[in-house]
1. Roll a 1.4 Å probe over the protein chains and send me the accessible area per residue for region 1-49 in Å².
2. Among the complete DSSP H segments of the chain, which ones combine at least 20 Å of alpha-carbon extent along their axis with a mean Kyte-Doolittle hydropathy of 0.5 or more?
3. Simple spin-label model, 7 Å along Cα-to-Cβ: A143 to I169 in nm?
4. At what distance in nm do the modelled label points of Y151 and Y177 sit from each other, each positioned 7 Å from its Cα along Cα→Cβ?
5. Rounded to the nearest 0.05, what FRET efficiency do S125 and F9 give with R0 = 45 Å and r taken as the Cβ-Cβ distance? Could you check?
6. Stokes-Einstein D for region 141-180 at 25 °C, 0.890 mPa s, Kirkwood Rh over Cα pairs, in µm²/s?
7. Based on the Cα coordinates of region 1-154, what is the per residue volume of their convex hull in Å³?
Amino acid sequence: MTPARLAFFSIIMAYPIIVYFGLRCFDVRNIAIALIIFALIRLLQIRRQEFLSSGTPQAYLVVGALLVVGISALASNSPILLQYYPVCLSGFMLALFSYSLFRPPSVIEQIARIKESNFPDSAISYTRKVTIVWCGFFVINGAIALLTVLYASVEIWALYNGFISYLLIGMLIAGEYIVRRRVRGSPSPSHRIS
């Protein structure tokens, strides 16, 4: 991972904490302008990487969500709009993963094919099911993120979106890893993933 990508990833992961503390020190419009500038810089980096190799739709969705939230908050000067980023991101990721179910290969299959050069046909069904599970996660996570925006304090919003949701993502990844190991060890060739 390049230093620029690592910095972007770190800021995105810390977004709820940055907004929480940022609103205590800065005006909403200042934070919104910083988000827009940050998103535009990342967009230029993605375009450059795409020119050199290949860009990913997920990277564009993260930047798109930042731009939507940043521009909306800038236009309205509303601090609550800054809290909609996790909701937007879950919605965008749900759209991407769902779309891949109707226009294969699924997102999880694409990721798996990058990691495994010898990808068997029997694994396609499994990766499709995992993509469906992630779609369910994005629905639930997006709904909870929205509830924290509408009905919870900014402290609860930051706790859920800056910690609990990441814990849930980690649990889902770990659970999928355990299931995949069991499926790979299954004696039935039709269910084995190599």
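The values are calculated or read from the model by the stated rules, or taken from the named source; none is laboratory data. None of these values were measured; they are calculated from a predicted model. Here the Cβ is made from the backbone with ideal geometry for all residues, glycine too, and neighbour counts use every protein chain on show. With ligands, DNA and RNA removed, areas are computed over all heavy atoms of the protein, side chains included. Shrake-Rupley method; radii C 1.70, N 1.55, O 1.52, S 1.80 Å.
1. Counting only protein heavy atoms, the per-residue value for region 1-49 is 64 Å².
2. Both cut-offs are met by 28-52, 57-76, 85-102, 122-151, 165-184.
3. That separation, rounded to one decimal, is 2.1 nm.
4. It is 3.4 nm.
5. Efficiency computed from Cβ-Cβ geometry: 0.90.
6. Diffusion coefficient, whole number: 227 µm²/s.
7. With only Cα atoms used, region 1-154 gives 120 Å³ per residue.
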